[in-house]
Every structure is written in C-alpha cells, then in structure tokens.
1. Among the residues in the stretch 172-179, are any under 18 Å from the mean Cα position of the chain (by Cα) and more than 15 Å from residue 72 (Cβ to Cβ)?
2. Check the stretch 150-158 and report whether any residue there is modelled with pLDDT under 95 and closer than 15 Å to residue 71 by Cβ.
3. Tell me, please, whether a residue that is touching a residue at least 12 places away in the same chain (Cβ under 8 Å), under 18 Å from residue 69 (Cβ atoms) and assigned to a helix (DSSP H, G or I) can be found in the stretch 107-123.
4. Surrounded by fewer than 15 Cβ atoms within 10 Å (Cβ to Cβ), in contact with a helix residue (DSSP H, G or I) (Cβ under 6 Å, 6 or more places away or on another chain) and closer than 23 Å to residue 191 by Cβ - does that describe any residue in the stretch 154-171?
5. Can you pull out the residues in the stretch 109-141 that are at positive phi and surrounded by 12 or more Cβ atoms within 10 Å (Cβ to Cβ)?
6. With respect to residue 48, is the statement that it is within 27 Å of residue 146 (Cα to Cα) and surrounded by 12 or more Cβ atoms within 10 Å (Cβ to Cβ) true?
7. Given the condition in the same structural domain as residue 180 (by TED's automatic domain parsing), under 14 Å from residue 87 (Cα atoms) and part of a helix (DSSP H, G or I), answer yes or no: does some residue in the stretch 135-148 qualify?
8. Working only within the stretch 24-82, note down all residues that are assigned to a helix (DSSP H, G or I) and closer than 23 Å to residue 176 by Cβ.
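The values are calculated or read from the model by the stated rules, or taken from the named source; none is laboratory data. Treat the numbers as computed from the prediction; the structure is a model and nothing was measured. Glycine gets a Cβ as well: all are built from the backbone with ideal geometry, and neighbour counts include every protein chain shown.
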C-alpha cells in the first residue's frame, strides 16, 4: 500500500511536470509575466505549473487589501499640497497597538494650534494593518496602502514612516481604490450641494 501511494504521488508530480511544458508550448510567452497568464494559472482549471514567479510576477491585490496606512493630500495649483489631516488624533486613539504619533502644528505668532500636523509617525513594524485609523478618520485623510514590499535592513530609518513617506496624492488613492474613491467623491459632492442650497435658502 505504501509503494502504491508513492507511485501515485510521483505520477501526479510527473503529470504536472509534463503539462507545464505542454501548456508553455501551447500558450507561448504570454503565459508568464502577463495579467492574463497570471489569472489563467490562478484559475481552478489550470494545468501544469500554477505558482506565480515572484518577484517577477505579482498577484494583483483586491481593492479592499489592507497594509500600511498612508496620508492623502489634494494637489493644488502651483504644485502645493493640501493635506487633509487635521491632526485631530482620532486615528492615534483608536489604534490598537498604539503605533501612531502626531504633533499638531502651532502658529508661531499666536501660539495657537493649527489644524495641520507638524509631525506624523507610524511604526510599521508595530502596525497590525487593521484599518481602524482609516475607518474612523472623519476627514478621509488616512487610507490603507497596497504596497507590501517594505523590507529593509535599518529599522529606525526604514520602518518608522514620517510624513514624507506617508503622504501620497489623492490621484494615487483614486488609482488604487477606484470604487471607494468614487463613492466618497459622490458623497462629498452631495454634501457640498446640500450645504450650498441651505446657504442660498438662508440668503433668500
């Protein structure tokens, strides 16, 4: 019985081996390093080799994929950046592993706080990728990134993200999260329209 099992297992292995070469000849170079080829090998009907040849090939991540958070800024004329974050601190409060640190900006003349962050840090080695910061942010200023290739040799320089590493434009967010971005933009425009209508009615 043991020998039969070994022979059967080897038969399956050799079957996959031969099917790999036959499928390669049949599909040609398009079987590798193309979106269609990756999807074909991910399907249940695939034959031969079905592993993805990482890092040359990467499985496309779904829109809801969560990894390290990033801060969103709107691109203004002249290349200026309008950071959505108001340094309210909600994300830091709801963060389960407490990996977010924020310092609010202060007006040097009056000493009063400004609703913009002066410093914003996330320790990505502590972050558990839960997405609470993005879920609870009332200003849609922080969202979860899709970039999972963050390995490095220096923890302090590479794994504690400051604002420059965290800030990404709204166009990047629209590209990585098209459905969610469209929903948020529709809700924002509706809110602005209602606000404008209320102001017009009040003025009348």
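1. yes
2. No, the conditions are met nowhere in the stretch 150-158.
3. Within the stretch 107-123 (the criterion being touching a residue at least 12 places away in the same chain (Cβ under 8 Å), under 18 Å from residue 69 (Cβ atoms) and assigned to a helix (DSSP H, G or I)), the answer is no, since none of the residues qualifies.
4. The answer is no; no qualifying residue exists.
5. 129, 131, 140
6. no
7. Yes: one or more hits.
8. 35, 36, 37, 38, 39, 42, 79
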